[in-house]
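To keep things clear, I will list the structure first and then write my remarks on it.
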Amino acid sequence: MPLRRTIPALVLASVTLALAGCAGTVNVPAAPEANAPECADLMVRLPQQVAGAERRWTDSQATAAWGDPATIIFSCGVASPGPTTLRCESVAGVDWVIDESEAPRFRVVTYGRKPAVELYFNTETSAEVQGVSSREVLDELSRVVSRLPSDGGACVDRAEATPVPSPVSP
């Protein structure tokens with residue numbers, strides 16, 4: 001009798017693994033502080049779907065990916081950014097430094113959170129790729145990332161930032 005129950009379970013497990021394997025594992029390097037307990041807490045709370053893209057397997061600790069091909073990459077444990085002239089936006093209580101230098105592909109990093117989280121996402125839609133909405137990505141993931149402790153740092157409007165004095169020449 002136990003063999004009769006085991007065979008359907010093995011077939012179901014094999015089919016599930018085969019289907020999961022169709023998308024392939026996404027190679028994402030682990031961040032320097034990926035083993036932080038705060039990252040482990042986030043990882044179990046990440047959604048199965050972000051901005052309509054399904055979650056995929058990754059090969060490193062404290063990383064996640066969504067979409068096929070991967071249009072959203074998540075890494076917890078990256079170095080916190082220092083002061084910058086890049087745009088900084090607050091979304092659902094989380095401040096994000098936004099690097100738009102390769103738009104429509106964006107790199108955003110939390111500001112004022114320790115450990116920091118880094119996201120890469122593609123907003124461009126083409127024949128091969130279904131892009132994602134940057135607002136949806138940040139809205140959905142900020143709810144989870146807001147669990148990270150704040151170190152008191154926050155976005156400052158560029159107009160309000162104190163300019164760094166230029167050196168005086170003799």
- prompt: When the range 81-97 is examined, which residues are found to be touching a strand residue (DSSP E or B) at 6+ places or on another chain (Cβ under 9 Å) and not in a loop (DSSP other than H, G, I, E, B)?
  reply: Arg87, Cys88, Glu89, Ser90, Val94, Asp95, Trp96, Val97
field: Candidate set from the range 37-87 (those that are small (Gly, Ala, Ser) and touching a residue at least 60 places away in the same chain (Cβ under 8 Å)); member that is farthest from Glu128 (Cα to Cα)
entry: Ser80
statement: In the set Trp66, Trp96, Trp57, the lone residue that is at pLDDT 95 or above and surrounded by fewer than 16 Cβ atoms within 10 Å (Cβ to Cβ) is Trp57
task: Output the number of residues of the range 111-137 satisfying the condition of being touching a helix residue (DSSP H, G or I) at 6+ places or on another chain (Cβ under 7 Å) and assigned to a loop (DSSP other than H, G, I, E, B).
output: 2
- request: Collect the residues in the range 69-93 that are surrounded by fewer than 15 Cβ atoms within 10 Å (Cβ to Cβ) and among the hydrophobic types (A, V, I, L, M, F, W, C), keeping them in residue-number order.
  value: Ala79, Ala92
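The values are calculated or read from the model by the stated rules, or taken from the named source; none is laboratory data. Because the structure is predicted, anything quoted here is derived from the model rather than measured. All Cβ positions, even for glycine, are placed from backbone atoms using ideal geometry, and neighbour counts span all protein chains on display.
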